[in-house]
1. Of all residues in the range 312-348 being farther than 17 Å from E274 by Cβ and β-branched (V, I, T), which is nearest to the chain's Cα centre (by Cα)?
2. Among the numbered conditions (1) under 30 Å from I21 (Cα atoms); (2) assigned by TED's automatic domain parsing to the domain that holds A318; (3) not in a helix (DSSP H, G or I), tell me where D252 comes up short.
3. With respect to A115, determine if the residue is touching a Leu at 6+ places or on another chain (Cβ under 6 Å) and without any contact (Cβ under 8 Å) to a residue 60 or more places away in the chain.
4. Outside any strand (DSSP E or B) and touching a helix residue (DSSP H, G or I) at 6+ places or on another chain (Cβ under 8 Å): is that true of P269 in this structure?
5. Name the one entry in I178, I198 that is part of a loop (DSSP other than H, G, I, E, B), under 25 Å from the mean Cα position of the chain (by Cα) and at pLDDT below 95.
6. Looking at the range 263-274, can you tell me whether even one residue there is modelled with pLDDT under 95, surrounded by 19 or more Cβ atoms within 10 Å (Cβ to Cβ) and either assigned by TED's automatic domain parsing to the domain that holds Y420 or charged (D, E, K, R) (or both)?
7. Would you tally the residues in the range 1-21 being within 18 Å of the chain's Cα centre (by Cα), under 19 Å from Y135 (Cβ atoms) and not small (G, A, S)?
8. Looking only at strands (runs of 3 or more DSSP E) that lie completely in the range 280-384, which have at least 1 residues being in contact with an Asp or Glu (Cβ under 6 Å, 6 or more places away or on another chain) and surrounded by 24 or more Cβ atoms within 10 Å (Cβ to Cβ)?
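The values are calculated or read from the model by the stated rules, or taken from the named source; none is laboratory data. Source: prediction; values computed, not measured. Counting neighbours? That spans all protein chains shown, and the Cβs are built from the backbone with ideal geometry, glycine included.
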Amino acid sequence: MSLMIAGTSSGSGKSTVTLGIMAALIKNGITVQPFKAGPDFIDPGLHTYITGRVSRNLDLWMCGEEYVRECLALNSSGAGAAVIEGVMGLYDGGARSSAALASSVGAKVILVVDAYGMAESAGAIIKGFDEYGEYGSGIDGVIFNRVGSERHYDRLRDSVPEGVEALGYLPRDASYSIPERHLGLTTAEEGPIDRSFIASLAGAVREHMDIKRIAELALPDLVKEPEESKEASPLVRIAIARDRAFCFYYEDNLDMLKSAGAELVPFSPMSDKELPPGIDGILLGGGYPEVHAEELSNNREMLGNIREWVTEGRPLYAECGGLVYLGESVSADSRTHAMTGALPFSCELLSRRAALGYREVELSSPCMLGPEGSKLRGHEFHYSMVRENRDAEGVSYNVMGEEAWSQSKESQRPVTSVRYRNTLASYTHLHLGSRPGAATWIINFIKEMSG
């Protein structure tokens with residue numbers, strides 16, 4: 001088995017409950033392997049911070065059932081509990097939902113119900129979720145969030161229908177909330193929670209939930225021991241941006257790159273003055289460059305190094321926040337900060353969401369990601385957008401088949417990807433598991449371009 005912690009909706013408290021259960025299991029001496037349903041980056045960072053094991057994304061649409069089951073099995077090796085945090089409401093997304101994922105991997109499902117302002121009516125909600133059963137076999141247990149008292153919990157517990165286990169509750173306490181910003185929860189790199197918060201949350205779980213039963217439900221049975229890999233000299237060295245501004249990466253992507261022959265060398269665009277020595281390529285992930293724009297802008301040495309790298313035609317791949325960083329400037333809160341100027345466009349942070357959704361891209365020409373016509377899948381979620389883009393020799397916009405999801409006229413179509421020489425930048429966070437062989441192609445491309 002493994003355990004899926006799902007919610008009735010976004011905001012029901014499943015993230016807080018998940019973190020608390022992970023922390024309580026560890027307090028009980030159990031090694032926890034965390035997972036996140038869907039394409040999220042922020043929850044996995046918090047999982048990793050609490051458990052000490054890298055959290056993995058399980059996404060049926062991006063990677064398919066075979067890949068997802070393999071990922072769960074390999075990473076559950078050596079763990080006493082496999083805990084998957086769901087996404088949105090249990091059935092939201094249909095075939096891409098938490099329910100569909102739980103059914104695919106055989107996970108038990110605990111539903112988190114926000115009990116604020118209700119008592120016996122909770123039973124109707126639970127009964128509905130249990131009997132709905134689409135893409136799964138209902139729910140196995142329920143945990144209540146924001147419970148006012150023991151008497152309140154007694155009434156909630158008595159409403160739970162037969163066949164569903166009442167596993168406890170989390171008290172109504174504002175101190176358990178985690179700070180948020182425009183993309184969701186604050187990232188682990190920014191320290192939104194500390195060890196005292198974790199200890200308090202774990203204590204509440206151990207006091208008010210049946211953690212022994214939860215541990216039984218979370219016991220992994222889909223486990224595969226990883227094959228022993230032979231040590232080999234890396235084929236290429238890739239500098240990877242990792243700091244508070246750039247921290248959104250699918251860990252499986254990084255593992256696939258390393259398996260294909262990459263040595264990943266971390267650096268900070270915020271604080272480092274020089275790129276790592278002896279590198280062959282650069283990877284700029286997503287994150288919050290607009291939040292840290294002043295610090296990034298003030299690091300003129302790094303801005304110049306990145307600009308020179310791109311101008312010389314050396315390999316660089318950027319996603320979302322990395323795309324913003326490669327432009328001339330970013331505007332936010334009535335202030336404009338200079339970025340690298342490596343590519344001829346400017347970005348602006350909007351007060352509303354600019355884009356959200358799954359994407360399948362098709363490469364219009366051979367590039368770092370694959371041959372012409374290659375298709376990869378990923379996810380796009382951002383509040384910034386390209387406001388001004390200039391034509392320049394060698395620069396191409398929307399090179400990854402974006403017209404597949406944009407019905408607007410060419411002149412009105414938003415810029416979502418840019419290519420210049422051997423630099424490729426896109427708003428889409430791609431998962432390399434969506435195209436077998438993609439990581440090997442990337443390594444071979446960088447090796448060839450680095451000569």
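1. Applying the filter and picking the extreme gives V324.
2. For D252, the exception is condition (3).
3. Numbers: touching a Leu at 6+ places or on another chain (Cβ under 6 Å): yes; without any contact (Cβ under 8 Å) to a residue 60 or more places away in the chain: yes.
Yes, satisfied.
4. Working: outside any strand (DSSP E or B): yes; touching a helix residue (DSSP H, G or I) at 6+ places or on another chain (Cβ under 8 Å): yes.
So P269 fits the description; yes.
5. Working: I198 fails: part of a loop (DSSP other than H, G, I, E, B).
When all the criteria are applied, what remains is I178.
6. Kept after step one, since they are modelled with pLDDT under 95, are these residues of the range 263-274: none.
Checked against the condition, which is being modelled with pLDDT under 95, surrounded by 19 or more Cβ atoms within 10 Å (Cβ to Cβ) and either assigned by TED's automatic domain parsing to the domain that holds Y420 or charged (D, E, K, R) (or both), the range 263-274 yields no hits at all.
7. 3
8. Details: elements: 281-284, 316-319, 329-332, 335-338, 345-349, 355-362, 375-382.
Strands (runs of 3 or more DSSP E) meeting the threshold: 329-332.
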